[in-house]
Amino acid sequence: MLTEMSPPARLPFGVGVVGLFPFVLATAGVYVAPVLWQALAIKVFLFYSALTLTFLGGVHWGVAMSLDRESSPAFSMRLWVSLMPGLLGWAALMIEYRLATLVLMIGFWLLRLYERTDDSLARLPGWYQGLRSLLSPVVVACHLAVVVRLSLFG
């Protein structure tokens, strides 16, 4: 995979993979850490998830600013879409942990679905699409694992 990537795409790939570490480590901590640390791992997971979802929304603000005309419907739509992940993440931090994890997971999938629309396919670089296609399933799997932990063991 890395050998087929252009040099500029290698850096985002590496940064993206490093960005998965907090998801994976916090998910593992939810299962294997001592009980008090498990509670902290859940909070860390939720805050990092909300932060990451907000960051991904910000990508679309940048795309709107640089690629869309201010008067176009695409500009307005992309700005609204860029705002929603942050609001969703913020709201998720104020609700029960299992529901918050589900809300954040759904937010990641909804944003990914938006990124797969024709408009987004035309504006987002191919390396970004590929990266998100690799990272999103891992992020969602981590969310599912946390939901299972919270559902089975409280």
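A few notes on this one:
- Scanning the stretch 131-147 for residues that are surrounded by fewer than 18 Cβ atoms within 10 Å (Cβ to Cβ) and touching a residue at least 60 places away in the same chain (Cβ under 8 Å) turns up Leu134, Val138.
- Residue in the stretch 60-81 that is under 22 Å from Val139 (Cα atoms) and out of contact with any Leu (no Cβ under 9 Å at 6 or more places or on another chain) present: no
- Hits in the stretch 52-85 - residues which are of a type in the set (Phe, Trp, Tyr) and closer than 20 Å to Gly107 by Cβ: Phe55, Trp61, Trp80
- The residue list Leu83, Leu150, Leu67 contains one member that is more than 17 Å from the chain's Cα centre (by Cα), in contact (Cβ under 8 Å) with a residue 12 or more places away in the chain and farther than 24 Å from Ala9 by Cβ, which is Leu150.
- A single entry from Ser151, Ser76, Ser133, Ser82 fulfils the requirement of being under 29 Å from Pro34 (Cα atoms) and either of a type in the set (Asp, Glu) or assigned to a helix (DSSP H, G or I) (or both): Ser151.
- Single residue of the stretch 18-38 satisfying the filter (at pLDDT 95 or above and exposed (fewer than 14 other Cβ atoms within 10 Å of the Cβ)) that is farthest from Ser151 (Cα to Cα): Val18
- Selection status of Pro125, in contact with a helix residue (DSSP H, G or I) (Cβ under 9 Å, 6 or more places away or on another chain), crowded, with 20+ Cβ neighbours inside 10 Å and either within 23 Å of Leu67 (Cβ to Cβ) or not polar (S, T, N, Q) (or both): no
- Selection within the stretch 87-130 - among the basic types (Lys, Arg), under 19 Å from Val63 (Cβ atoms) and assigned to a helix (DSSP H, G or I): Arg112, Arg123
- Some residue of the stretch 84-105 being within 16 Å of Ser136 (Cβ to Cβ), among the hydroxyl-bearing types (Ser, Thr, Tyr) and buried (at least 21 other Cβ atoms within 10 Å of the Cβ): yes
- Among (1) surrounded by fewer than 18 Cβ atoms within 10 Å (Cβ to Cβ); (2) modelled with pLDDT under 95 - the single one Ser120 does not satisfy: (1)
The values are calculated or read from the model by the stated rules, or taken from the named source; none is laboratory data. Keep in mind the model is a prediction, meaning the values are calculated, not measured. Heads up, the Cβs are rebuilt from the backbone with ideal geometry, glycines too, and the neighbour counts pull from every protein chain shown.
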